[in-house]
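Worksheet for the structure shown next.
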Amino acid sequence: MNDDAPRIHLGSLLRSPGETSASGEVQELHYQQGNRKQTLHFAEPAPYGIDVSSLEGNELWLQGYFEPVLEQECSRCLRPVTVPLDLKLGTLVQYRPNVQEPFLEEADSGEELLVFGNPDLDLSGYLAEMTMLSAPLSVLHAPECKGLCQVCGHDLNEGPCEHSAAVPIEPERSTELGEPEGAQHARQNPFAALQALKLPLPED
């Protein structure tokens, strides 16, 4: 059992209807994925607040917030990037006494269902999955990031390398408004330059 895990005690709600809540901060989450233990680290302590209220039978409703700050890599230059998330939580919860570890499944209604067996509910796996579902697939440390040289791996944000300097970059052709009519067509027509040539007339 992880004593630092985010937990909420639901024993009283299983005995009689009502509400309960829990809050705190976590620096990391330890959870099970398949048969392997995983750890999700955060750039700084991540605050959470959870409220659980009774519904009918063995079902409850969980709502609240979780605000983790992830550490990811820039998809172009691999620099570290901090990614703050603001998660609004809302999940149906169901008590099944024989369940050893809490898990998420899809309910008949199509909603996600958090199933648990221990009334001292460990929220680590739930919060980890909500975080990973909300995390962006790729991030940039800056919109104008130039990335890495494909030959030597030099960070081009720090200046060109010998490989990037050896490949001249052609300036983009102007497509600004106000260009004289027909100029763009002439530039695209490979025979336009021949119109200005004075060719000799054929002899009789």
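Before moving on, here are some points about what is shown:
- From the alpha carbon centroid of region 88-119 to that of region 20-39 is 15 Å.
- Gain in span if fully extended, Glu25 to Ser12, counting 0.36 nm per residue against the direct Cα distance: 2.3 nm
- Estimated distance in nm for a label pair at Thr82 and Leu113, the labels positioned 7 Å out from Cα along Cα-to-Cβ: 4.0 nm
- Under the simplified labelling scheme, the Cys161-Leu55 pair shows an inter-label distance of 5.5 nm, with each label point 7 Å from Cα along Cα→Cβ.
- Sites Glu144 and Glu71, calculated FRET efficiency, Cβ-Cβ separation with R0 22 Å, nearest 0.05: 0.50
- Since only Gln38, Gly110, Leu127 are under comparison, the one whose Cα sits farthest along the positive direction of the charge dipole of region 1-129, derived from C-beta charges on Lys, Arg, Asp and Glu, is Gln38.
- The dipole here belongs to region 7-134: it is taken about the Cα centre, uses +1 on the Cβ of Lys and Arg and -1 on the Cβ of Asp and Glu, and is about 340 debye.
Every number here is computed from the coordinates shown, using simple stated rules; none is lab data. The shown structure was predicted, so the numbers you read here are calculated from the model rather than taken from an experiment. Note that each Cβ is placed from the backbone with ideal geometry, even for glycine, and that neighbours are counted across all protein chains shown.
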